[in-house]
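None of the figures in this text is laboratory data; all of them are computed from the coordinates on show. Worth saying up front: this structure is predicted, and the values here are computed from it rather than measured. Here the Cβ positions follow ideal geometry from the backbone for every residue, glycine too, while neighbour counts run over all protein chains shown.
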Amino acid sequence: MAVVLQVNHLNKSYRDKSILKDISFQLEDSSVIALIGVNGAGKTTLINTILELIPKDSGKVNFSINNWRQITGVMMQDNLILNRIKVREIINLTRSYFATPLPYNTLLNLSGLNESANTFINQLSSGQKRRLSFVLALAGNPEILFLDEPTVGMDTIARQDFWKSIAKLKQSGKTIFVTSHYLEELENIADQILILEDKTLTFNGSLKQLRETSGKVLIEFDSQLSIKTFNELASIISLEQINHHFQIITNDVKKTISELSPFLQGIENLKIDQSSLNSIILNYQEKK
Ligand SMILES: Nc1ncnc2c1ncn2[C@@H]1O[C@H](COP(=O)(O)OP(=O)(O)OP(=O)(O)O)[C@@H](O)[C@H]1O
């Protein structure tokens, strides 16, 4: 995989208030990178600074090519503010800024707004506006896409279609940098997770690495065996018994399962909760 963007020691403040401090990371092609952080953590500021929409205080932002504007697409949080323009017109206007735009029909189909091509933007619902914003970000057939809270306001089907499109874009080699508060949506698609906290990146790695770092996993099962059998397992953090139901918390699933294996004949309904991204992040933040 090739590096498409490098950010080194980036700092940004508004007046005297520091927002981003010493941020460094790199993005590779054919991948989805999720930026996670609470409200006000600085996610939008980071995207705006990278794209030179606002000035940075210091640090370096290097795209792999010089004319990076031609290979980036952006979907910001705020919905489209132009009103007296139709869906068809804004798609074509946006395409006109790029040397090799995607065909109009491809974009219209992707937006799901085929029936509304002649509708003025202000007459679209907020979910429809998000879908339109998405295809406008794609208009120039970009190599790198920046998506700030893309699925806010979308219904379930629109969300599913949206993430399917993202998976296809990733497969075709694109880099997708996305912020979202819907962590469950990021679980199956994010290759790299960045956690922005207290102005800095406190985590940069894969979901697997995040699991290992924060790593408590719940293992549940039913068994007629005595609690003593499980109390002796070396790898567990805690053990609870409710009648014949057992709950084990471990941070080393593999080891615990191998320790449980001699007793598998006496175990039923074994469940391993690898934890949702949501709980992993809570866990991660609690630990610090
Ligand atoms: N133009 C501005 N002038 C001064 N402060 C600003 C400005 N824009 C943003 N901020 C402040 O910078 C901080 C980071 O804001 P930012 O919008 O980047 O956070 P965010 O992580 O994107 O939040 P959210 O998840 O709510 O979208 C906040 O404290 C915000 O109030």
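Defining a contact as two alpha carbons under 8 Å apart and six or more residues distant in sequence, what relative contact order in percent does the chain show?
Over the chain, the number comes to 19 percent.
In sequence order, segment 125-140 has phi-based couplings of 6, 5, x, 5, 5, 5, 5, 5, 4, 4, 6, 5, 5, 8, 3, x Hz under the Karplus curve 6.51 cos²θ - 1.76 cosθ + 1.60, θ = phi - 60°, and Gly or Pro positions carry x. Working note: Cα gyration tensor of segment 64-136, eigenvalues times five, square-rooted, sorted largest first, giving semi-axes of 22, 14, 11 Å. A protection proxy built from the mean count of other Cβ atoms within 10 Å ranks the segments 112-125, 40-53, 162-175, most packed first, as 40-53, 162-175, 112-125. Using only side-chain charges placed at the Cβ, +1 for Lys and Arg and -1 for Asp and Glu, the dipole size of segment 3-205 relative to its Cα centre rounds to 580 debye. The lysines whose alpha-carbon is closer than 24 Å to the alpha-carbon of LYS228, local same-chain residues fewer than 8 away aside, are LYS216, LYS254, LYS255, LYS271. Across all Cα atoms of segment 156-267, the radius of gyration (one decimal) and Dmax (whole number) stand at 19.5, 54 Å. Averaged over residues, the count of other Cβ atoms within 10 Å places the peptides 251-258, 96-103 in the sequence 251-258, 96-103, highest first.
In order along segment 169-180, phi translates into HN-Hα couplings of 4, 4, 4, 7, x, 6, 10, 10, 9, 10, 10, 7 Hz, rounded to whole numbers, per the Karplus curve 6.51 cos²θ - 1.76 cosθ + 1.60 with θ = phi - 60° and x for Gly and Pro. Looking at the chain, send over the antiparallel percent of its DSSP beta bridges, to the nearest 5. Here the share of antiparallel DSSP bridges comes out near 65 percent. Candidates LEU35, PHE221, ILE242 compared by Cα position along the dipole of the chain: farthest toward the positive end lies LEU35, with charges placed on Cβ. Shape analysis of the chain yields a ratio of the Cα radius of gyration to the Kirkwood radius, Rg/Rh, of 1.08.
For segment 26-177, dividing the convex hull volume of the Cα atoms by the residue count gives 122 Å³ per residue.
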